[in-house]
Amino acid sequence: MGSPLRQGRRSTIAVVLGAALAVAGCTVDDGATTTAAAPSLTTVQSLHDQLPQAVKDAGLIRFAGDSHPPYRTVGADGTTVTGIDHDFQQALGQILGVRTETTIVSNLSAALQGMLSGRYDAFNGPVKATAERQQQFDTITWMTTRTSYVVPSDSTAGIGKPEDLCGKRVAVVTASVVEEQLKKLSAFCEKTGRPAAQSIGLDDTNATLLATKSGRADAAGMTQAAAIDVTNQQKGVYRYVTQTEEQGATKDNLALYVPKPGNLGPVLEKAYEELFRDGTYARIMKQWGLDDVTVPQPLYNVASAG
């Protein structure tokens with residue numbers, strides 16, 4: 001992990017936020033408004049000075065983001081983004097004295113490839129921190145999660161506990177940590193003499209829910225945080241079960257990804273340290289009901305350690 005953030009000298013001027021930037025129905029300027037979840041913060045000038053020159057010249061950090069409630073909920077207009085990701089990006093932008101902008105992409109692969117090609121500067125996840133991906137990206141772990149499976153309350157598939165998913169059709173986001181966890185659940189199923197779960201790979205969480213609602217799938221796999229949000233937002237419509245360690249579940253580190261070229265990663269890690277130090281991190285996580293998946297401090301490139 002990077003060295004602890006020193007108090008440093010702070011700018012006496014609050015971050016100046018530009019007018020909203022909406023581009024062709026796919027981009028939203030996260031720094032254009034201030035919400036109750038992310039009140040106006042003061043720029044840490046020493047961190048702004050450490051930003052790559054290209055970011056300082058643009059006055060902007062470009063984030064990629066797929067549709068993944070409660071991290072990112074895309075409005076009906078295709079441009080408005082709300083959720084945990086919006087709140088954290090806004091706070092990071094205020095600390096660093098730049099705007100933040102989110103471009104909605106179709107899936108994780110699009111986000112990763114877009115960063116490597118230079119279209120985006122970062123992706124706030126939720127993405128598992130892996131040693132393989134850390135060869136190309138710096139990672140900043142800011143939460144953990146377990147895997148849950150959402151089932152319609154009126155389902156007749158007989159899913160009352162995780163092992164009931166054996167032999168069932170489960171929709172998951174392709175290349176996600178949940179897809180990896182479902183494979184482990186299937187291994188458990190086969191080890192205990194049951195049929196493996198059938199994985200249905202889709203582009204985003206909304207698609208997995210639609211597949212479940214339409215009957216194409218029996219359950220939708222997602223992070224525990226997302227399952228909590230779905231069942232809270234649509235009370236009585238869905239319920240969920242959570243995979244256990246016996247069934248191959250692990251408590252995964254979820255991270256912000258930044259391409260290594262450009263050296264933006266170390267600055268964002270220090271900005272996250274500031275959000276932890278001043279209580280902003282705890283406030284945002286609490287507002288979204290995610291106290292049980294917090295980490296005590298941001299972890300930099302944690303996948304390479306151990």
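Laid out as a table, the results:
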item: Test set (1) assigned to a helix (DSSP H, G or I); (2) within 22 Å of the chain's Cα centre (by Cα) - VAL170 fails condition number; result: (1)
item: Pairs where the first residue, in segment 48-77, is over 16 Å from ALA111 (Cα atoms) and the second is in a strand (DSSP E or B) and acidic (Asp, Glu), C-beta under 9 Å, 6+ apart; result: LEU60/ASP29; LEU60/GLU101
item: Flag for LEU268 being over 19 Å from THR73 (Cα atoms) and buried (at least 20 other Cβ atoms within 10 Å of the Cβ); result: yes
item: Residue selected from segment 31-42 under the condition modelled with pLDDT of 80 or more and under 24 Å from the mean Cα position of the chain (by Cα), by the criterion surrounded by the most Cβ atoms within 10 Å (Cβ to Cβ); result: LEU41
item: Extreme residue, surrounded by the most Cβ atoms within 10 Å (Cβ to Cβ), among residues of segment 57-80 that are of a type in the set (A, V, I, L, M, F, W, C) and under 23 Å from ALA175 (Cα atoms); result: PHE63
item: Among the candidates ALA226, ALA220, residue that is surrounded by 22 or more Cβ atoms within 10 Å (Cβ to Cβ), at pLDDT 95 or above and not aromatic (Phe, Trp, Tyr); result: ALA220
item: Residue ID - nearest to ASP252 (Cα to Cα), chosen from residues in segment 106-133 that are at pLDDT 90 or above and part of a strand (DSSP E or B); result: PHE123
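The values are calculated or read from the model by the stated rules, or taken from the named source; none is laboratory data. Being a predicted model, the structure only gives us computed values, none of them experimental. So basically every Cβ, Gly included, is an ideal-geometry build from the backbone, and we count neighbours across all protein chains shown.
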